[in-house]
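The values are calculated or read from the model by the stated rules, or taken from the named source; none is laboratory data. Note that the structure is predicted; figures quoted are calculated from it, not measured. Virtual Cβ from ideal backbone geometry, glycine too; neighbours counted across all protein chains shown.
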Amino acid sequence: MAGVRIVRRLAIVFLILFVVAQFIRPARTNPRSQPSANLMTKAPREVAQIFDRSCRDCHSNDTRWPLYTQVAPMSWLVTYDVREGRDHFNYSEWTAIDPDDQDKLLGGVCTLAKRGRMPLWQYLLIHRGARLSPADVTTLCTWSEKMRDTIQ
Ligand code: HEC
């Protein structure tokens, strides 16, 4: 049966690729940062809880790295999102961001939450509990608008 042979060969090729892929291990880092530099230090509890549940893994230095993030190709996708997420908006290092950018980011928190663009859809596939409820969006928007007024 030629069909069975092809399937078996393909399975072996995939298995070999999978094993080889495990040797490409992007670093999963959680850089140290001062608690006082964290945007959530002074945020109300309900806001901090939303960030902790839905944003922390990509936008802070306190990423949780469950087992599946250690297995390629998931590890590549996850580390990419974390790097990009921190690059654009790292709330663990909030005080190092200049005020104009802080203002834009706070605006983005509300707009992106409202439009359902954050958390990223691929994250929600695995973390169903991270989805924002309409009440969460209101909480984020009310807080971020208030915060914007405090930025000089
Ligand atoms: C799975 C990772 C992931 C999660 C979870 C996530 N984000 Fe993001 N976020 C990203 C990435 C990657 C970018 C940069 C690329 C883009 O804009 O799509 C980004 C961009 C942003 C930006 C725009 C930054 C800029 O440059 O303007 C804001 C604001 C933001 N996210 C807020 C949030 C909030 C608020 C949450 C939680 C409700 C959240 N994100 C959850 C990955 C994530």
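For the range 26-46, name all the residues that are among the small types (Gly, Ala, Ser) and surrounded by 11 or more Cβ atoms within 10 Å (Cβ to Cβ).
Taking the range 26-46 and keeping what is among the small types (Gly, Ala, Ser), we get 27, 33, 36-37, 43.
Of everything in the range 26-46, those that are among the small types (Gly, Ala, Ser) and surrounded by 11 or more Cβ atoms within 10 Å (Cβ to Cβ) turn out to be SER33, ALA37, ALA43.
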In the range 27-60, residues that are away from the ligand (no atom under 15 Å from the Cβ) and in contact with a Pro (Cβ under 8 Å, 6 or more places away or on another chain) total 1
So how many residues does the range 138-152 have that are over 16 Å from LEU112 (Cβ atoms), polar (S, T, N, Q) and part of a helix (DSSP H, G or I)? 1
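Is there a residue being more than 21 Å from ASN61 (Cα to Cα) and modelled with pLDDT of 95 or more anywhere in the range 100-107? Don't jump to the end; show me each part of the working.
Within the range 100-107, the subset more than 21 Å from ASN61 (Cα to Cα) is 100, 107.
Then drop every residue that is not modelled with pLDDT of 95 or more, which leaves 100, 107.
Yes, some residue in the range 100-107 is more than 21 Å from ASN61 (Cα to Cα) and modelled with pLDDT of 95 or more.
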Residue that is of a type in the set (Val, Ile, Thr) and within 10 Å of the ligand (Cβ to nearest atom), where the choices are ILE97, ILE151, ILE126: ILE126
Would you confirm, using the coordinates I've provided, whether VAL71 is of a type in the set (A, V, I, L, M, F, W, C), at pLDDT 95 or above and under 17 Å from THR29 (Cβ atoms)? no
Selection over the range 134-148 where residues are more than 16 Å from ARG45 (Cα to Cα) and either touching a residue at least 24 places away in the same chain (Cβ under 8 Å) or within 11 Å of the ligand (Cβ to nearest atom) (or both) yields a count of 2
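Of all residues in the range 101-110, which are surrounded by fewer than 18 Cβ atoms within 10 Å (Cβ to Cβ) and in contact with a helix residue (DSSP H, G or I) (Cβ under 8 Å, 6 or more places away or on another chain)?
ASP103, GLY107
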Counting only residues that are outside any helix (DSSP H, G or I) and more than 8 Å from the ligand (Cβ to nearest atom), the range 106-117 contains a total of 2
If only one of ALA130, ALA113 is over 30 Å from LEU17 (Cβ atoms), surrounded by 14 or more Cβ atoms within 10 Å (Cβ to Cβ) and touching a Cys at 6+ places or on another chain (Cβ under 8 Å), which one is it? ALA113
